[in-house]
Amino acid sequence: MPTVLDDIISGVREDLDVRQRALPFSAVQQLATDAPAARDARAALTAPGAVKVIAEVKRKSPSKGELATIPDPAELAAAYAAGGASVISVLTEERRFGGSLADLDAVRAAVDVPVLRKDFMVSEYQLWEARAHGADVILLIVAALDDPQLRDLHQLAGELGMTALVEAHDEAETDRAVDLGAQVIGINARNLKTLEVDRAVFARLAPRVPETAVRVAESGVRGRDDVADYVASGADAVLVGEALVTGGDPREAVGVLRGGATA
Ligand SMILES: O=C(O)c1ccccc1NCC(=O)[C@H](O)[C@H](O)COP(=O)(O)O
């Protein structure tokens, strides 16, 4: 029985085939080579001060359906940055999340902070493509990749000057991320089989991540109390989508999650 993740990835591969036919590997490599250097996301996430917020541009999701229309992702990203977001996450998967590489371009042009291409990365082409569109960070979901794929994509991200956010959901995946030498590890509280969110997963898995790595708590943040709980369990950063796109003034909302700290 295919999981939600399997279904998403099968659509991602079909869309990727279309893009690869339109823009060959050598062309996307050239665009990536010509792009301005990637910004240092690890530095942004380890700077002194309040908990770091990775603020997400998220229109819809498999778990919640439509969340927000977001007609101007650049404006939203600029508001997030003004509120003190350390990194902007842009979902570029189209079928299930309503995102696009055009969103990534728009956000990249609008902010100075590092930008994460949040997608289901299964091939080197997508990493070159991310860099060509100005991404500084890419997501590697451990559950979607075997160890050789994970190692190769993690290494390529580094060669392209990008930071990899390596995402785990359970003990075995967390240990694989640690063994990989990942410097930024996300623990996602959303179970990719059931889509249910269990924030306690972070507290259970975070101790397996060495303190030298940045620990990112992903999903399920509804407000400042959830951020405080994640921080108490060892989070250096939180990745937040739904609460920010549905929560009114995005600049203020990021500031509230940071504990009222000014940008
Ligand atoms: O959000 C989903 O429904 C989802 C389903 C399947 C795979 C990934 C999914 N979300 C990606 C994310 O990791 C979240 O967008 C991100 O952590 C923010 O979560 P939230 O603050 O709960 O919107």
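The values are calculated or read from the model by the stated rules, or taken from the named source; none is laboratory data. Quick caveat, the model's predicted, so the values are computed rather than measured. Don't worry about glycine lacking a Cβ; one is built from the backbone with ideal geometry, like all the others, and counts go over all protein chains shown. Just so you know, the surface numbers come from the protein's heavy atoms only, side chains and all, with ligands and any DNA or RNA stripped out. Shrake-Rupley method; radii C 1.70, N 1.55, O 1.52, S 1.80 Å.
Structure summary
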{"item": "Flag for Gly49 being within 11 Å of the ligand (Cβ to nearest atom) and more than 11 Å from Pro114 (Cα to Cα)", "result": "no"}
{"item": "Single condition Leu127 does not satisfy, out of (1) over 14 Å from the mean Cα position of the chain (by Cα); (2) surrounded by 22 or more Cβ atoms within 10 Å (Cβ to Cβ)", "result": "(1)"}
{"item": "Failed criterion for Leu5 (all others in (1) touching a strand residue (DSSP E or B) at 6+ places or on another chain (Cβ under 9 Å); (2) more than 13 Å from the ligand (Cβ to nearest atom); (3) in a helix (DSSP H, G or I) hold)", "result": "(2)"}
{"item": "Residue within the range 248-257 that is open to solvent by less than 60 Å² (accessible area, probe 1.4 Å), more than 12 Å from the ligand (Cβ to nearest atom) and free of Cβ contacts under 8 Å to residues at least 40 places away in the same chain present", "result": "yes"}
{"item": "Residues located in the range 62-98, provided they are within 10 Å of the ligand (Cβ to nearest atom), crowded, with 19+ Cβ neighbours inside 10 Å and of a type in the set (Gly, Ala, Ser)", "result": "Ser89"}
{"item": "Verdict on Pro114 being touching a Lys or Arg at 6+ places or on another chain (Cβ under 6 Å) and either at pLDDT below 95 or open to solvent by less than 70 Å² (accessible area, probe 1.4 Å) (or both)", "result": "yes"}
{"item": "Among (1) surrounded by fewer than 19 Cβ atoms within 10 Å (Cβ to Cβ); (2) under 27 Å from Lys193 (Cβ atoms), the one test that Gln20 misses", "result": "(2)"}
{"item": "Odd one out for Ala102, checked against (1) free of Cβ contacts under 8 Å to residues at least 12 places away in the same chain; (2) closer than 18 Å to Val28 by Cβ; (3) out of contact with any Pro (no Cβ under 9 Å at 6 or more places or on another chain)", "result": "(3)"}
